[in-house]
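J.: Input: one structure, supplied below.
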Amino acid sequence: PEFGAQNLIVIHAPQRDAGYRDPAGNPVPETHFAGSGTYELFAGNVYTKGTWGKTDLSSTIVLTDSSGQVVKMPIGKTWIELVNDGAGRVTFS
């Protein structure tokens, strides 16, 4: 079955070493999803970007647009992708 989504939100957040290694001996990255950063929202044919914020790891994420207004997620299934703020990038066409 397909698991399609109507919305995609890309969260740019810092990554760090989780402090342990995988079975092959490679360091395991961990996304630090607290503080603030940028996001990109793809909802249907609409693209927006802005800032996300979380007080701590257990708090709710708050999205704001470029004018500082809180953004509400559009209705529909939403995928969330965490991208390494220091090394990852997103392209679309």
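J.: Restricting attention to segment 43-70, report how many residues are of a type in the set (D, E, K, R), closer than 17 Å to LEU8 by Cα and open to solvent by 60 Å² or more (accessible area, probe 1.4 Å).
T.: Matching residues across segment 43-70 total 1.
J.: Yes or no: THR60 part of a strand (DSSP E or B), within 17 Å of LYS72 (Cβ to Cβ) and without any contact (Cβ under 8 Å) to a residue 24 or more places away in the chain?
T.: no
J.: Would a scan of segment 11-23 turn up a residue that is polar (S, T, N, Q) and modelled with pLDDT of 95 or more?
T.: no
J.: Restricting the search to segment 1-42, which residues are hydroxyl-bearing (Ser, Thr, Tyr) and either in contact with a Gly (Cβ under 8 Å, 6 or more places away or on another chain) or surrounded by 15 or more Cβ atoms within 10 Å (Cβ to Cβ) (or both)?
T.: Answer for segment 1-42, where residues must be hydroxyl-bearing (Ser, Thr, Tyr) and either in contact with a Gly (Cβ under 8 Å, 6 or more places away or on another chain) or surrounded by 15 or more Cβ atoms within 10 Å (Cβ to Cβ) (or both): THR31, SER36, THR38, TYR39.
The values are calculated or read from the model by the stated rules, or taken from the named source; none is laboratory data. It should be emphasised that the depicted structure is a prediction, and the values quoted were computed from it without experimental measurement. Backbone-built Cβ (ideal geometry, glycine too); neighbour counts: all protein chains shown. Surface areas here come from the heavy atoms of the whole protein model, side chains and all, with no ligands, DNA or RNA. Shrake-Rupley method; radii C 1.70, N 1.55, O 1.52, S 1.80 Å.
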